[in-house]
Structure formats: structure tokens, C-alpha cells
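Colleague: What follows is a structure written as C-alpha cells; I'll ask about it next.
The values are calculated or read from the model by the stated rules, or taken from the named source; none is laboratory data. Quick caveat, the model's predicted, so the values are computed rather than measured. Ideal geometry is used to build each Cβ from the backbone, glycine not excepted, and the neighbour counts take in all protein chains shown. Calculation scope for accessible area: heavy atoms of the full protein, side chains included, ligands and nucleic acids excluded. Shrake-Rupley method; radii C 1.70, N 1.55, O 1.52, S 1.80 Å.
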Amino acid sequence: MTTAYEQAATPEDLARLWVDRANAGDADGLAALYEKDAVMVFPMGVEHVGRDAIRTAFAHMLQHYTHFE
């Protein structure tokens, strides 16, 4: 990822950035919201370790869901 993404300063920012990036189909931007060594569980019971794995999970999700509120 070489794009400099806006980072969340507040929980409200995080929600806004997540929805904006998801609606734009931006898996890289979604992954950028997570620390390099973060662990995400999605869907329930499936663990993704590290930003690259999180990016892959979001890319797969965005193939199936295209609009978020």
C-alpha cells in the first residue's frame, strides 16, 4: 500500500472512514485502518492476522457486499 490514507482521530472518524472506504470498494483503504500486526475475526470464528490478511478478507467481502450504512 503506497497511498497515504487519512487516519481516524476519534471513534466517529473510524466509522465514517470505514463506511466511506467500504462503499468505494477500497480494500486497501479498509486494511489501512488496522495496525500492521492486527488480528481481525470476520466472519465469526475466522481469524485474519496482519494487514495483508485483513486486506484479503475485505477484498473478498467487497465482492459480495457493495453498500454499507
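Colleague: Taking the stretch 43-60 on its own, how many of its residues are modelled with pLDDT under 95 and either open to solvent by 80 Å² or more (accessible area, probe 1.4 Å) or basic (Lys, Arg) (or both)?
Modeller: 1
Colleague: Take the stretch 28-38 and flag every residue that is crowded, with 18+ Cβ neighbours inside 10 Å and of a type in the set (A, V, I, L, M, F, W, C). Spell out the reasoning first.
Modeller: Step one: list which residues in the stretch 28-38 are crowded, with 18+ Cβ neighbours inside 10 Å, which gives 29-33.
Within the stretch 28-38, LEU30, ALA31, ALA32, LEU33 meet the criteria.
Colleague: Could you tell me which numbered condition GLY25 fails, if it satisfies all but one of (1) more than 21 Å from GLN7 (Cβ to Cβ); (2) surrounded by 10 or more Cβ atoms within 10 Å (Cβ to Cβ)?
Modeller: All conditions pass for GLY25, except number (1).
Colleague: Quick one: would you say ARG16 is surrounded by 16 or more Cβ atoms within 10 Å (Cβ to Cβ) and either at pLDDT below 95 or out of contact with any Cys (no Cβ under 9 Å at 6 or more places or on another chain) (or both)?
Modeller: Numbers: surrounded by 16 or more Cβ atoms within 10 Å (Cβ to Cβ): no; either at pLDDT below 95 or out of contact with any Cys (no Cβ under 9 Å at 6 or more places or on another chain) (or both): yes.
Here the answer is no, as ARG16 does not meet what is asked.
Colleague: Scan (1) out of contact with any helix residue (DSSP H, G or I) (no Cβ under 9 Å at 6 or more places or on another chain); (2) open to solvent by less than 80 Å² (accessible area, probe 1.4 Å); (3) closer than 22 Å to THR66 by Cα for the single condition THR10 breaks and write down its number.
Modeller: Of (1) out of contact with any helix residue (DSSP H, G or I) (no Cβ under 9 Å at 6 or more places or on another chain); (2) open to solvent by less than 80 Å² (accessible area, probe 1.4 Å); (3) closer than 22 Å to THR66 by Cα, only one is false for THR10: (3).
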